[in-house]
Amino acid sequence: MTDPAKSHGRKSIRASPRPRDLLEPTPALAGVWTARVITLLPEAFPGVLGESLTGRALRDGLWSLDTVDLRGFGAGRHRDVDDTPAGGGAGMVLRADVMGDAIDSAMARTPPDWPLVYLSPRGAPLTQARVRRLAAGPGVTLICGRFEGLDQRVIDHYGIEEISLGDFVLTGGEIAAQAVIDASVRLLPGVLGNAASTEEESFAEGLLEHPHYTRPAEWQGRPIPEVLTSGDHAKVAAWRRDMARRITAERRPDLWRAAQSDETG
């Protein structure tokens, strides 16, 4: 018996030994930002998303999490979800028919602009700008890859957007999916106690964030920069802006060039 799809938040799904009917919509809270995750590891969720601010927001109904168990849509007696690559080669590939059924279930009755994203190392790098657009929408459906990846026909048929966390490979898309969800949820109204903090952090203005300090005033012979204890808010703001520019130029010349282009453009 396979685990049924799970919903996290104020609404739940009753356990069932069979996969959810393909025409049945994924339960969600009306008007609440919803993350739907197609995965072979539904038990991996909410994971870290159930902790701290995102976990509290989930319990408070500020967002909703729905996991769709890909195994429930598997083919044959053994519920197979993958097969050998066409043309030969190592590894296995997620089947088009199985993933297609799971996508149809996850996307049933969603708005036409609902994003469908496949976490893939060949995708476009995830940016804060893309996260802001996701957070501003109704939610997102995330496909967690496994093995050698997903049959290309599925990506082409549904026009799936591919997103990457960076130039490295994970064993599956679950960690990447949680990262995308976390980055989006923290931007939702009411999730963070101080909304201004999202306006001053890294990438908010295309720059890396300035350094932070707190008590004690001196540690290991290293004092807090004097300007931060001066009480002069204008000088503090200027120092933070200068440090953000300096750190970005040193560590991320690509971002620095883009920021300079925006200033001159």
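Only the coordinates and a few stated rules stand behind these numbers; no lab work does. Model, not experiment: these values are computed from the prediction. All Cβ positions, even for glycine, are placed from backbone atoms using ideal geometry, and neighbour counts span all protein chains on display.
Overview of results
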{"quantity": "The chain, relative contact order in percent, only Cα pairs under 8 angstrom and at least six apart counted", "calculated": "17 percent"}
{"quantity": "Protection proxy ranking of 141-149, 121-129, 41-49, 227-235 - average other beta-carbon atoms within 10 Å, highest first", "calculated": "141-149, 41-49, 121-129, 227-235"}
{"quantity": "Under the Karplus curve 6.51 cos²θ - 1.76 cosθ + 1.60, θ = phi - 60°, whole-Hz ³J(HN,Hα) for region 184-191, x wherever Gly or Pro sits", "calculated": "7, 4, 5, 8, 6, x, x, 6"}
{"quantity": "Vicinal HN-Hα couplings computed from phi for region 41-47 (Karplus, 6.51 cos²θ - 1.76 cosθ + 1.60; Hz; Gly/Pro x)", "calculated": "10, x, 5, 6, 10, x, x"}
{"quantity": "Ordering of 81-87, 31-37, 132-138 by burial proxy (mean other Cβ atoms within 10 Å per residue, highest first)", "calculated": "31-37, 132-138, 81-87"}
{"quantity": "Proximal charge balance of Gly190 [Cβ under 12 Å; K/R count +1, D/E count -1]", "calculated": "+1"}
{"quantity": "Modelled FRET efficiency - R0 51 Å, His233 with Ser52, Cβ distances, 0.05 increments", "calculated": "0.95"}
{"quantity": "Per-pair calculated FRET efficiency, R0 = 30 Å: Asp262 and Thr171 via Cβ, rounded to 0.05", "calculated": "0.20"}
{"quantity": "Surrounding net charge for Gly123, when Lys and Arg each add one and Asp and Glu each subtract one, Cβ distance under 10 Å", "calculated": "-1"}
{"quantity": "Three-way shape call for region 76-125 based on the alpha-carbon gyration tensor, with the a/c threshold at 1.5", "calculated": "oblate"}
{"quantity": "Overall form of region 6-185 per C-alpha gyration tensor (a/c, 1.5; a/b vs b/c)", "calculated": "oblate"}
{"quantity": "Region 106-127 and region 154-193: distance between their alpha carbon centers, rounded to Å", "calculated": "8 Å"}
